[in-house]
Every structure is written in C-alpha cells, then in structure tokens.
1. Which condition does residue 24 not pass, out of (1) part of a helix (DSSP H, G or I); (2) modelled with pLDDT of 75 or more, if it passes all the others?
2. For region 61-85, how many residues are under 21 Å from residue 127 (Cα atoms) and crowded, with 16+ Cβ neighbours inside 10 Å?
3. Within region 86-100, can you find the residues that are surrounded by fewer than 15 Cβ atoms within 10 Å (Cβ to Cβ) and either touching a helix residue (DSSP H, G or I) at 6+ places or on another chain (Cβ under 7 Å) or touching a residue at least 12 places away in the same chain (Cβ under 8 Å) (or both)?
4. Out of 44, 30, 69, 38, which single residue is at pLDDT 80 or above, out of contact with any strand residue (DSSP E or B) (no Cβ under 6 Å at 6 or more places or on another chain) and over 19 Å from residue 129 (Cβ atoms)?
5. Select from region 53-73 the residues that are out of contact with any helix residue (DSSP H, G or I) (no Cβ under 8 Å at 6 or more places or on another chain) and closer than 20 Å to residue 105 by Cβ and list them in ascending order.
6. On the basis of being at pLDDT 75 or above and buried (at least 17 other Cβ atoms within 10 Å of the Cβ), does residue 10 make the cut?
7. Looking at residue 131, is it within 14 Å of residue 55 (Cα to Cα), at pLDDT 85 or above and surrounded by fewer than 16 Cβ atoms within 10 Å (Cβ to Cβ)?
C-alpha cells in the first residue's frame, strides 16, 4: 500500500540528508508524549488542537516532498476540506490520540531516515484512517 502519493513524498524527504527543516515542523507538539502534555491534563480541546497542528505540519511536509505541482495542488485542496471537517465536527478523542501517535511515529521514522519504517508507519496510518472513516 505504500505506493500512495504521500508515501512517495515521505520517502523522498527522508532520503534527502539535506532536508531537515520540514521534518522539524511536524514536531510542533514536542510535549505530546510527555506527562506534562495536554492529554495528561485531561484537556480534550488542547489535545485536539495540538493533534490538528501535528497533522497539518506532517501532511504539509509530505506533500511538499511530492515534487509534482498537480499532486501538491490536489493535496492542498483535500487538506483544506479536511480542515473544515475537523473544525466543524466534535473531536473523537480515541482517533485524535491514536492519529497523533501515528503522526509522531511517521515523523520519528523520517527523522531517523529509516525508509522501511517510514513506509510501515504511513501504511498503518492510512489503514487506521480509512477504518475510522468507515472505508
């Protein structure tokens, strides 16, 4: 399943040793796994906001790695639609938490330049996202 477009963007970015800046953007939530983070404080709104920030940062970094303006534009339009949905529906904390963990796993694999793990973590995220969307 790792042939999907964002997987290609992730592999391209992870394989490029000069590409450091965009990967750190996804770490906009450095406290997401620490005890002092919003989850530990039991604040679902803060956790949801943090998770959306991680989501947008990661997906933007992956789409920038596509090196295809048509795919980048299609992704941008889709991302905007998803952002509207995220802002108008109540947070499902089970999915918010698990998706943020999946995103942080993808970022860690990219930062480690572990292409096999990048593909695995993206595949897991895609399967779980489709499952949560009922597809």
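The values are calculated or read from the model by the stated rules, or taken from the named source; none is laboratory data. Since the model is a prediction, treat every value here as computed from it, not as a measurement. Note: ideal-geometry Cβ built from the backbone for every residue, glycine included; neighbour counts use all protein chains shown.
1. Every listed condition holds for residue 24 apart from (2).
2. Summing the residues that are under 21 Å from residue 127 (Cα atoms) and crowded, with 16+ Cβ neighbours inside 10 Å in region 61-85 gives 5.
3. The answer is 92, 93.
4. Residue meeting the stated conditions: 69.
5. 53
6. Criteria not met by residue 10.
7. No; evaluated as a whole, the condition is false for this residue.
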